[in-house]
Amino acid sequence: MPDPLRPLRVNALELLRVPGTMRGLEVVVDGSDLDVAHDALAGSIEIDVELESTNDGIDVTGTVAAPWQGRCRRCLTEVSGRAIADVDERYQREVTDDDAYPIENNQLDLAPMARQLVLLELDDERLCRPDCAGLCPACGADRNDVQCDCDTTVKDDRWAALEGLVLDD
C-alpha cells in the first residue's frame, strides 16, 4: 500500500543546490493519515505551500486549511467553516534557529508541521457571528432570537454586608 504522506516528504537536495530555487506544493491528505484526531475536523486537510531555498535552509510559506464543524461557544447552534493557518516555517540542515525544523536524510518532512498547525487552528473556539448574544444563564433562552427579562446581574455574596453602607463626606 502506498504511503499517503509521501507527497509531504520533499527532496531537499534539489532545492539546496541553488539558493533562491522555489517549488510549489499542493497536497490533500486525510486527517487520520496525518494523525489528526479532532472532533471539529470535517474533511480532508489541504496543504498549499511554496518552498524557497536559502543559504542555510529552506523557507516554507503558504497555508494549511481544513473544514471544521461544531457549536457556537455562546449559543450552542451548529456552525461550520474552514480553518486556515498561515505557514511561515524554516527547515535547516544544522538547526541554529530554535523554531526551525530539521532537514533529515536530505528530506523535508512537512507532516509534523502541518499536523501542528491544523490542531492549533481546530482548537479555536468559534462563534456563529461576532455579536452573538448567547444563552440566558437564568432561563436558557437564546438571546439572539428572544429578549428575556431575567435578572442576570452577578452578585458576590462576600460583599453583601457593604451594600447598605453610606459614607459621609
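The values are calculated or read from the model by the stated rules, or taken from the named source; none is laboratory data. These numbers were taken from a predicted model, which means no experiment stands behind them. Cβ sites come from the backbone with ideal geometry, for glycine too, and all protein chains shown count toward neighbours. These accessible areas exclude ligands, DNA and RNA; they are computed on the full protein's heavy atoms, side chains included. Shrake-Rupley method; radii C 1.70, N 1.55, O 1.52, S 1.80 Å.
For the chain, the share of DSSP beta bridges that are antiparallel, to the nearest 5, is 95%. With the convex hull drawn around the C-alpha atoms of the stretch 1-93, the volume per residue stands at 113 Å³.
Remark: the stretch 1-100 carries 59 Å² of accessible area per residue (probe radius 1.4 Å; ligands, DNA and RNA excluded). Comparing Asp33, Asp109, Asp145 in a Gaussian network model of the chain, where Cα atoms under 10 Å apart are tied by springs, the biggest mean-square fluctuation is seen for Asp145. Here the calculated FRET efficiency for Glu104 and Arg129, from their Cβ-Cβ distance with R0 = 35 Å, stands at 0.20, rounded to the nearest 0.05.
Across the stretch 60-169, C-alpha contacts under 8 Å between residues 6 or more apart give a mean separation that, scaled by the residue count, equals a relative contact order of 23 percent. The mean of 1/r over all distinct Cα pairs in the stretch 110-169, once inverted, gives the Kirkwood hydrodynamic radius of 16.5 Å. Percent of C-alpha pairs per 10 Å bin in the stretch 57-145, short distances first: 15, 33, 21, 16, 11, 4, 0. Inter-label distance, Thr63 to Arg6: 2.9 nm, where each label sits 7 Å from its Cα along the C-beta direction. Relative to the longest principal axis of the Cα atoms of the chain, the long axis of helix 111-122 lies at roughly 20 degrees.
If every alpha-carbon in the stretch 72-123 counts as one equal scatterer, what log10 I(q)/I(0) does Debye give at q = 0.20 1/Å? Listed by q, the Debye log ratios stand at -0.77.
Among Pro112, Pro137, Pro67, whose mean-square fluctuation peaks in a Gaussian network model of the chain (Cα, cutoff 10 Å)? Between Pro112, Pro137, Pro67, it is Pro137 that shows the largest mean-square fluctuation.
Volume per residue for the chain equals 233 cubic angstrom (convex hull of Cα atoms). Within the accessible surface of the chain, defined with a 1.4 Å probe on protein heavy atoms only, the carbon and sulfur portion equals 45 percent. The gain in end-to-end length when the Met22 to Gln147 segment is fully stretched comes to 39.3 nm, 0.36 nm per residue minus the alpha carbon separation.
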